[in-house]
Amino acid sequence: MISTNSKELLEMPIHDFIIPAEKVAHVQIGNNAEHALLVLTKTGYSSIPVLDPSYRFHGLISIRMIMDSVLGLERIEYENLEVSNVTEIMDRDIATLNINDNFKRALDLVINHAFLCVIDDEGTFVGIMTRRVILKQLKKYVYQPKS
Ligand code: 2BA
C-alpha cells in the first residue's frame with residue numbers, strides 16, 4: 001500500500017525540480033561531431049541534448065556514440081569527426097518528460113536513464129531532470145517521520 005506521504009510525492013508536479021534549459025550544456029543540429037566531442041569533454045557530462053535553433057529537442061549525443069561513429073576496421077578515423085554531423089550520430093529514440101508530468105513518471109523513467117529531457121506541448125526543450133535531483137527528493141520523503 002502507498003502511504004499518504006509517498007502519494008503526495010508521487011503526485012507532485014515536476015516543474016520545481018527541473019534544471020532550466022539555459023543551464024544545460026547542449027549542441028545544435030548542424031554542429032559537427034568534433035564540436036560535440038569538444039563540448040562533452042569540456043563539460044564532463046557523458047551525454048547531452050541536441051537542439052535546433054528554436055530550442056526544439058531532437059535527441060541525445062554521447063562520447064560513446066561519437067567514438068563508435070569514427071571507429072574504422074583497423075583505426076579510429078579522426079578525420080571523419082569534422083565532416084560528420086551530430087544528426088547522423090545522435091540517438092533520437094529517447095523517452096522524455098512533459099512539463100505537466102508528475103514525479104511518479106519521472107521516478108519510473110529515471111531507473112533506466114541518468115537524466116530526462118523535459119519538453120512542453122510544442123516540443124520545445126524546457127530543461128532536464130537528473131537522477132541526482134530525483135534521489136535527493138526521494139531521500140527527503142523516505143527520512144520524513146510518519147504523519
Ligand atoms: P553524467 O555526466 O554521467 O554524470 C553522472 C553524475 O556525475 C551526475 O549526476 C553528477 O552527480 C556528476 N557529474 C558529472 N559531471 C558533472 C559536472 N560537470 N558537474 C557536477 N557534477 C557532475 P546527475 O547530476 O544526476 O546528472 C545525470 C546526467 O545528467 C549526467 O550524467 C549528464 O549526462 C546530465 N546532466 C546533468 N547536468 C547537466 C547539465 N547542466 N548539462 C548537460 N547535461 C547534464
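No value in this document is a laboratory result; all are computed from the given coordinates. What you see is a predicted model, and the numbers here were worked out from it, not measured in a lab. Neighbour counts run over all protein chains shown; Cβ positions are idealised from the backbone, glycine included.
When PRO49 is tested against (1) in contact (Cβ under 8 Å) with a residue 24 or more places away in the chain; (2) in a helix (DSSP H, G or I); (3) surrounded by 14 or more Cβ atoms within 10 Å (Cβ to Cβ), exactly one condition is not met: (2).
Looking at ILE29, ILE19, ILE66, just one residue is surrounded by 11 or more Cβ atoms within 10 Å (Cβ to Cβ) and near the ligand (Cβ under 9 Å from one of its atoms), and that residue is ILE19.
The number of residues in region 117-147 being in contact (Cβ under 8 Å) with a residue 24 or more places away in the chain, assigned to a helix (DSSP H, G or I) and either touching a Gly at 6+ places or on another chain (Cβ under 7 Å) or within 9 Å of the ligand (Cβ to nearest atom) (or both) comes to 2.
Just one of (1) among the aliphatic types (A, V, I, L, M); (2) surrounded by 15 or more Cβ atoms within 10 Å (Cβ to Cβ); (3) within 15 Å of the ligand (Cβ to nearest atom); (4) farther than 30 Å from ASP121 by Cβ fails for LEU38. It is (2). The numbered conditions (1) crowded, with 19+ Cβ neighbours inside 10 Å; (2) within 13 Å of the ligand (Cβ to nearest atom); (3) small (Gly, Ala, Ser) are all true for ALA114 except (1).
If you check TYR78 against the conditions, is it of a type in the set (Ser, Thr, Tyr), surrounded by fewer than 15 Cβ atoms within 10 Å (Cβ to Cβ) and either farther than 21 Å from ILE14 by Cα or within 16 Å of the ligand (Cβ to nearest atom) (or both)? Show your work before the answer.
Working: of a type in the set (Ser, Thr, Tyr): yes; surrounded by fewer than 15 Cβ atoms within 10 Å (Cβ to Cβ): yes; either farther than 21 Å from ILE14 by Cα or within 16 Å of the ligand (Cβ to nearest atom) (or both): yes.
So TYR78 passes the test.
The single condition from (1) free of Cβ contacts under 8 Å to residues at least 40 places away in the same chain; (2) within 30 Å of VAL142 (Cβ to Cβ); (3) more than 13 Å from the ligand (Cβ to nearest atom); (4) not in a helix (DSSP H, G or I) that ILE94 fails is (3).
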